[in-house]
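Laboratory data are not the source of any read-out in this text; all were calculated from the coordinates shown. All values derive from a computational prediction rather than experimental measurement. No Cβ is skipped: glycine too gets one built from the backbone with ideal geometry, and neighbour counts run over all protein chains shown.
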Amino acid sequence: MLTSKQRAELRALANPIETILQVGKGGINDNLIQQVSDALAARELIKLRVLETAPGFAREIAQQLSEATRSDVVQVIGTRFVLYKRNEKNPKIQLSKTKK
C-alpha cells in the first residue's frame, strides 16, 4: 500500500511518460493482463489509456487491472491511468521510506 507522499512521487514520475497500452472494446482479458504484468515487471510504472469503445470507465478498469496484476493505481485522470508495481528483484524506482 502506497502512502500519499509515495503516490505523489509516482505521479510526478508518470507525468512525462507515454501511454504504452490501450484498453478497447475487448475490455480486460488474459492477453491484456499478461501485457500489463510484463510491462510492470520491466518498468514498474506504466500509463494506460481507455478508449471510448471500452466496456467501462477508466477508474473501474484501472481497479480491475490493479487487482488482476497485484499493482497499485497511482492516478486516474480522464481516460488515462497509471499503475505501479515494485519489482522486488530489480527495483528501478526508489520511493521515500515510510515512518513506522
Enumerated helices (runs of 4 or more DSSP H) restricted to the chain, each holding at least 2 residues that are within 15 Å of the chain's Cα centre (by Cα) and polar (S, T, N, Q): 30-43, 58-69
Selection count where residues are over 17 Å from A58 (Cα atoms), surrounded by 12 or more Cβ atoms within 10 Å (Cβ to Cβ) and among the small types (G, A, S), scope region 1-31: 1
Subset of region 77-93 [β-branched (V, I, T) and buried (at least 19 other Cβ atoms within 10 Å of the Cβ)]: V82
Matching residues in region 71-100 - criterion: being touching a residue at least 12 places away in the same chain (Cβ under 8 Å), over 26 Å from Q22 (Cα atoms) and not small (G, A, S): L95, T98
Residues of region 35-59 classified as touching a helix residue (DSSP H, G or I) at 6+ places or on another chain (Cβ under 9 Å), closer than 18 Å to Y84 by Cα and surrounded by fewer than 19 Cβ atoms within 10 Å (Cβ to Cβ), total: 2
